[in-house]
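First the structure, in the form of structure tokens, and then the observations on it.
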Amino acid sequence: MTTLFDPLRFGEISVANRIVMAPLTRDRAGPNQVPTPLMATYYEQRASAGLIVSEGTQVSPDGQGYLDTPGIYSAEQVAGWRRVTDAVHAAGGKMVAQLWHVGRISHVSLLPLGQVPVSSTARAAKTKTFTKAGFEAVSEPRALRLDEIAGVVAKFRHAARCAIDAGFDGVEVHGANGYLFEQFLRDSVNDRTDAYGGSFENRSRLLLEVIQAITSEIGHGRTGLRLSPVTPANDAAQDSNAQALFEYAVEQLAPMRMAFLHVVEGSTGGPRDIAPFDYAALRSRFKQGNEHGAWMVNNGYTRQMALNVVASGQADLVAFGKSFIGNPDLVRRLREDAPLAPLNQKLLYGGGAEGYTDYPALETAAA
Ligand code: 8OZ
């Protein structure tokens with residue numbers, strides 16, 4: 001029987017166990033959005049995860065939506081990430097870069113001078129972001145022009161190349177949580193009348209073009225995607241037919257034979273049962289012709305739920321977010337059924353080592 005602690009190979013990625021560190025925004029990048037040595041320490045401490053998914057990492061300056069998030073488009077950023085991936089690999093871990101474009105979830109103070117956020121729509125989201133001034137309402141976006149879309153695809157392609165140059169084992173496209181791709185996918189947000197709005201085909205087009213570009217740039221076996229079909233995060237109201245929309249998109253993606261699909265079940269960081277959704281149906285669409293593509297689940301998994309979902313074959317990998325913050329040695333604690341330490345909410349976003357690299361591992365010697 002397969003357990004949570006068994007190794008797995010999917011695509012070009014081999015992992016020592018089925019436990020994944022989920023992407024977690026921590027807002028500690030340095031000047032020019034370059035990853036710092038402290039970030040390398042933080043990830044290295046957590047490298048016993050089978051796989052680490054990096055925090056959301058913007059593919060371009062206009063993809064940034066929060067203060068001090070890292071980028072992956074400049075040579076300086078690639079060099080900063082190289083320190084991180086070297087540290088994780090030296091500790092025996094694997095790591096993919098989460099490629100992020102926030103779309104309309106941004107503020108003018110975070111963008112190049114004179115720019116406003118870009119999206120599928122010109123309607124602002126009713127939510128806040130984290131800027132130099134603290135929490136502020138997001139800025140009013142402008143809708144991307146049809147002739148600008150190819151440029152967005154090119155930014156993702158370039159970022160994927162940068163990720164490989166930085167030593168990552170692959171990438172995860174951030175298709176979740178109300179950011180750019182969900183702003184195109186969901187009919188609650190997308191109000192376009194061109195080839196990127198309206199039908200499932202049109203609303204999925206940007207995502208499919210980006211995955212196509214990345215798989216051709218770095219290989220399908222190093223490409224993954226995160227989706228969150230029903231999350232209300234970042235003012236993305238439910239699609240009028242989320243089940244059919246996401247089944248359509250995943251069916252179209254299946255022939256691209258991605259290494260993994262990472263699904264946030266329910267409301268990101270919140271209730272798992274916020275809206276009905278048949279995830280098993282999505283999984284069977286993903287596995288069609290790609291039976292070795294890994295199915296990664298996330299959101300509120302307890303130890304027992306994770307053990308069960310892998311043992312029963314319903315998932316190949318389980319991602320844990322918040323519990324990896326307070327427990328750098330989460331894998332060991334899950335293996336030994338040891339207690340989990342809490343995290344300090346106040347130190348989640350921004351700052352230095354405190355609440356970041358100072359969470360201790362379990363005592364190594366029994367008292
Ligand atoms: C929390 C704070 C800022 C960003 C996401 C990247 O929800 C995020 C995020 C989460 O995917």
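What is the dipole size for the stretch 8-366, taken about its Cα centre, with +1 at each Lys and Arg Cβ and -1 at each Asp and Glu Cβ, in debye to the nearest 20?
It works out to roughly 160 debye.
If you rank L317, L343, L38 by fewest surrounding Cβ atoms within 10 Å, what's the result?
Starting with the residue having the fewest Cβ neighbours, the order is L38, L343, L317.
Among P328, V189, Y301, whose Cα lies farthest out toward the positive end of the dipole of the stretch 8-366, if unit charges sit on the beta carbon of Lys, Arg (+1) and Asp, Glu (-1)?
Going by the Cα projections, it comes out as P328.
Positive end of the dipole of the chain, charges at C-beta (+1 Lys, Arg; -1 Asp, Glu), about the Cα centre: which of T3, G151, P229 has its Cα farthest in that direction?
Of T3, G151, P229, it is T3.
Looking only at the stretch 8-366, where both bridge partners belong to it, what percent of the DSSP beta bridges are antiparallel (to the nearest 5)?
Percentage antiparallel, nearest 5: 20.
P(r) for the stretch 226-367: what percent of alpha-carbon pairs falls in each 10 Å bin, starting at zero?
In whole percents, the pair-distance histogram is 10, 33, 32, 19, 5, 0.
Where the only charges are on Cβ atoms (+1 Lys, Arg; -1 Asp, Glu), what is the dipole of the stretch 86-201 about its Cα centre, to the nearest 20 debye?
With only Lys, Arg, Asp and Glu charged at Cβ, the dipole is about 280 debye.
Using a cut-off of 14 Å between alpha-carbon atoms, which aspartates and glutamates can reach K126, once sequence neighbours fewer than 8 places away in the same chain are excluded?
E136, E140, D235
Filter the chain for me: DSSP H helices, axial length by Cα at least 24 angstrom, mean Kyte-Doolittle hydropathy not below 0.0. List them by residue number.
Passing helices, by number: 149-165, 200-218.
5 Å is the cut-off here: which amide hydrogens, built 1.01 Å from N in the peptide plane, fall below it relative to G30, excluding neighbours closer than 5 in sequence?
Distant-sequence amide H within range of G30: T36.
Toward the positive end of the charge dipole of the stretch 8-366, about the Cα centre and with charges on Cβ (Lys, Arg +1; Asp, Glu -1), which of M258, A49, G103 goes farthest?
The listed residue farthest towards the positive side: A49.
Length gain on complete extension for the stretch S216 to D147, per 0.36 nm per residue less the alpha carbon to alpha carbon distance?
Using 0.36 nm per residue and subtracting the Cα-Cα distance, I get 22.7 nm.
What order do you get for T131, T57 when you list them from fewest to most C-beta neighbours inside 10 Å?
Least crowded to most crowded, the residues run T131, T57.
Say the cut-off is 23 Å between C-alpha atoms; which of K94/K128; K322/K346; K94/K322; K132/K155; K128/K322 go over it?
Table pairs above 23 Å Cα-Cα are K94/K128; K132/K155.
We did not get these values from a lab; they are worked out from the coordinates using the rules stated. Treat the numbers as computed from the prediction; the structure is a model and nothing was measured. Here the Cβ is made from the backbone with ideal geometry for all residues, glycine too, and neighbour counts use every protein chain on show.
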